[in-house]
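Take this structure first; my questions come after.
Please treat every number below as a calculation from the coordinates, not as lab data. These numbers were taken from a predicted model, which means no experiment stands behind them. No Cβ is skipped: glycine too gets one built from the backbone with ideal geometry, and neighbour counts run over all protein chains shown.
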Amino acid sequence: MARQLNLILVGPPGAGKGTQAERLQSDFGLAYIATGEMLRANVKAQTELGMAAKQHMDAGGLVPDDLILAMTAERLEEDDTRDGFILDGFPRNLAQAGALERQLQQQGRRITAVLLIEVPDEEIVKRIAGRRVCVKNGHNYHVDYDPPKLPDVCDQDGSRLIQRDDDKPEVVQRRLLVYHEQTAPLISYYEDRGLLRRVDGMRAPGEVHDHIRALIATLLLEDSL
Ligand code: AP5
């Protein structure tokens, strides 16, 4: 099998995972798997999964593992993941990380790196308050840090920009709590496996992107030696 680039993006809500994933996807042509986006599409389409997930998402909690694992296991079997993938928002706890490891092992694949985008909680609150997403494809903007060319219109597909339901301040506090309790243990999990790479998420989006590209270039170089 040709060398795959299999990346995981980890970081608190609003750290910039989606912003960076969008750029990396076009740099490297990787399959982009964002569990939050997949769930929001299911909520919009009112599928059984969407209806089961909505209450957890609106409350800022995690959607139960069995639902998430069924959804991601199927997605990771798809053809477009053959040259590699970017996982955004998955895994989100140790049980999900273990299940992912087992699936990849069965497929004869491995994770190339886990990119941790670090941003303190105070900044998260500001970022999420200003975030706007497009209704058509979920493209991300920030009213101050990354504004669209025209107010409330997506630069990429011309659709309307809105605020996400789970971006209300009280829900954001809960999402941060859940991150620290359930997702942050993944940091030492992947550090122990030698996969973790830390990225300063406080820099401007373009600088964060340059840093990640440089990290990936180093990883690819190390791998080819
Ligand atoms: P999900 O959609 O994954 O949300 P999240 O992890 O909370 O992450 P966000 O999408 O909020 O933020 P982001 O890091 O992508 O930041 P962004 O690039 O938008 O999950 C939503 C919900 O689904 C969960 O709460 C849960 O209920 C459920 N769920 C999903 N996956 C699950 C799983 N595996 N298991 C169980 N449940 C699951 O950036 C944020 C803002 O900041 C934007 O406005 C952006 O323009 C701006 N910005 C970005 N980078 C910068 C920068 N460097 N400087 C300044 N501004 C910046």
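Taking only region 1-32 into account, find how many residues are within 12 Å of the chain's Cα centre (by Cα) and aromatic (Phe, Trp, Tyr).
1
Could you list, in sequence order, all residues of region 50-100 that are on the phi > 0 side of the Ramachandran plot and surrounded by fewer than 19 Cβ atoms within 10 Å (Cβ to Cβ)?
GLY84
With a cut-off of at least 1 residues that are among the acidic types (Asp, Glu), touching a residue at least 40 places away in the same chain (Cβ under 8 Å) and near the ligand (Cβ under 10 Å from one of its atoms), name the helices (runs of 4 or more DSSP H) lying wholly within region 39-137.
In region 39-137, the matching helices (runs of 4 or more DSSP H) lie at 48-58, 121-130.
Also: Got a sec? Which of ARG164, ARG160 is of a type in the set (Lys, Arg), within 14 Å of the ligand (Cβ to nearest atom) and more than 25 Å from ASN6 (Cα to Cα)?
On inspection, the qualifying residue turns out to be ARG164.
Scan PRO205, PRO147 and give me the residue that is within 14 Å of the ligand (Cβ to nearest atom) and in contact with a Ser or Thr (Cβ under 6 Å, 6 or more places away or on another chain).
The conditions single out PRO205.
Could you grab me the full set of residues in region 1-23 that are buried (at least 22 other Cβ atoms within 10 Å of the Cβ) and of a type in the set (A, V, I, L, M, F, W, C)?
Those that are buried (at least 22 other Cβ atoms within 10 Å of the Cβ) and of a type in the set (A, V, I, L, M, F, W, C): LEU7, ILE8, LEU9, VAL10, ALA15, ALA21.
Identify, please: which residue in region 33-49 is surrounded by fewer than 18 Cβ atoms within 10 Å (Cβ to Cβ) and within 16 Å of the chain's Cα centre (by Cα) and is, among those, nearest to ASN140 (Cα to Cα)?
GLU37
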